[in-house]
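Chemist: Encoded as structure tokens, here's the structure I'll be asking about.
No lab work stands behind these numbers, since they all come straight from the coordinates. Since the structure is predicted, the reported quantities are computational estimates derived from the model, not experimental observations. For neighbour counting, all protein chains shown are included, and Cβ atoms are generated from backbone atoms with ideal geometry for every residue, glycine included.
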Amino acid sequence: MTDVHQVTNFYQTNRQYWRELSAFQSEQCSYMLNFGFWPNGIVSLGDAQIEFIKLVKEKIGHPLTEKNSHGLEIGCGIGGVSIYLLKTNPALSMTGLDIVQSQLNIAETNATLAGVGDRFQAQQGSSMALPLTDAVFDFSVCIESSFHYEDKLKFFQEVFRVTKPGGVAVIADITCTDLNALRFKDSHFFESPAAYIGFAEKAGFDVLSQEDIGVSVFPQLYQHILNYNHTQARTREAKYWSLIANNYKTMSQQEKIGYHVFAFKKQ
Ligand SMILES: C[S@@+](CC[C@H](N)C(=O)[O-])C[C@H]1O[C@@H](n2cnc3c(N)ncnc32)[C@H](O)[C@@H]1O
């Protein structure tokens, strides 16, 4: 099960670096803590994160725009993904769940500052034991959080349980087919794309789509981190993220790592 202290420490140490990285060469801070999607022409992490959530919106499809739609974000971090969905869908309400209370506190503040606080509900809890009632959500999203989850079958069973019949779950994360090639493994429980599909089907979901966007993530992110680090003092975080992004870029060239966006449906 997730080591809450370890995860809390990880985000306390790294979220400021990521906030600054996503604001670098961008108009504004996205409040997202993910790698983004970098098709041609995208040059900042903040813009790449917006591109990424546009892709996620496509994958969610019609449950996002239905009247009084209620969505769940699992591992919502400091709120950027939910806030973007709420700002671009005025009839939507979102529950943002995270295991780290300090992340949720910041997410609530950010949602209020963004003018969507009345449609955002923060909920502390684990993705593998959701403190939520059955069949209440039209859709759920889980962006770059599931790599922390040791028991992915339990996670998929919980997502299935809280999704309404006809609802959609979009899960996006780093996938890996050679764990030995990873330089950093603490609190990281990477799985292959086939394993994700297997857990989802075992939990009862149908697969709607799967897409690997890794070639438009890892090289661009590494370059962006290098560019940003050149403007900064060489902190421990700067060094850590250049090493990890370089490792992922190399693994991506060797086709040992991917970045998958999965969409699943509960019939
Ligand atoms: C990389 S951040 C992504 C945040 C957000 N989805 C985004 O894209 O901006 C991962 C988040 O997952 C949360 N998390 C890790 N393990 C979790 C668990 N077992 N249950 C719920 N949240 C968890 C972390 O606290 C962190 O806020």
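Chemist: Looking only at region 208-227, which residues are of a type outside the set (A, V, I, L, M) and either outside any helix (DSSP H, G or I) or more than 16 Å from D173 (Cβ to Cβ) (or both)?
Modeler: The answer is S209, Q210, E211, D212, P219, Q220, Y222, Q223, H224, N227.
Chemist: Moving on. If you check F52 against the conditions, is it out of contact with any Phe, Trp or Tyr (no Cβ under 6 Å at 6 or more places or on another chain) and of a type in the set (F, W, Y)? Don't jump to the end; show me each part of the working.
Modeler: Values: out of contact with any Phe, Trp or Tyr (no Cβ under 6 Å at 6 or more places or on another chain): no; of a type in the set (F, W, Y): yes.
It is false that F52 is out of contact with any Phe, Trp or Tyr (no Cβ under 6 Å at 6 or more places or on another chain) and of a type in the set (F, W, Y).
Chemist: A further question follows. For region 161-175, give me each residue that is within 16 Å of the ligand (Cβ to nearest atom) and in contact (Cβ under 8 Å) with a residue 60 or more places away in the chain.
Modeler: Initial filter on region 161-175 (within 16 Å of the ligand (Cβ to nearest atom)): 161-162, 169-175.
Correct list: V162, A169, V170, I171, A172, D173, I174, T175.
Chemist: Being more than 26 Å from I213 (Cα to Cα), of a type outside the set (F, W, Y) and touching a residue at least 12 places away in the same chain (Cβ under 8 Å) narrows it down to one of L130, L153, L182, so name that one.
Modeler: Details: L153 fails: more than 26 Å from I213 (Cα to Cα); L182 fails: more than 26 Å from I213 (Cα to Cα).
Criteria check complete, one pass: L130.
Chemist: While we're here: Among the residues in region 126-146, are any in a helix (DSSP H, G or I), within 11 Å of the ligand (Cβ to nearest atom) and buried (at least 16 other Cβ atoms within 10 Å of the Cβ)?
Modeler: Narrowing region 126-146 to residues in a helix (DSSP H, G or I): 146.
Filter once more, keeping what is within 11 Å of the ligand (Cβ to nearest atom): 146.
Those still in the list that are buried (at least 16 other Cβ atoms within 10 Å of the Cβ) too: 146.
Within region 126-146, one or more residues are in a helix (DSSP H, G or I), within 11 Å of the ligand (Cβ to nearest atom) and buried (at least 16 other Cβ atoms within 10 Å of the Cβ).
Chemist: Taking region 57-73 as the search range and keeping residues that are more than 21 Å from L113 (Cα to Cα) and among the aliphatic types (A, V, I, L, M), which one is farthest from the ligand (Cβ to nearest atom)?
Modeler: My answer is L64.
Chemist: Next question, about the same structure. Among (1) closer than 22 Å to V7 by Cβ; (2) of a type outside the set (S, T, N, Q); (3) in contact with a helix residue (DSSP H, G or I) (Cβ under 8 Å, 6 or more places away or on another chain), there is one condition V162 misses while meeting the rest; what is its number?
Modeler: (3)
Chemist: A follow-up question, please. Do any helices (runs of 4 or more DSSP H) entirely within region 1-97 hold 3 or more residues that are of a type in the set (D, E, K, R), and if so, which?
Modeler: Numbers: elements: 4-23, 45-60, 80-88.
Correct list: 4-23, 45-60.
Chemist: Please go through (1) assigned to a helix (DSSP H, G or I); (2) within 9 Å of the ligand (Cβ to nearest atom) for E158 and return the number of the only condition it doesn't satisfy.
Modeler: With (1) assigned to a helix (DSSP H, G or I); (2) within 9 Å of the ligand (Cβ to nearest atom) applied to E158, the lone miss is (2).
Chemist: How many residues, within region 161-182, are part of a strand (DSSP E or B) and either surrounded by fewer than 17 Cβ atoms within 10 Å (Cβ to Cβ) or of a type in the set (D, E) (or both)?
Modeler: Residues of region 161-182 that are part of a strand (DSSP E or B), as a first pass: 163-176.
Retained after the next criterion (residues that are either surrounded by fewer than 17 Cβ atoms within 10 Å (Cβ to Cβ) or of a type in the set (D, E) (or both)): 164-166, 173.
Count: 4.
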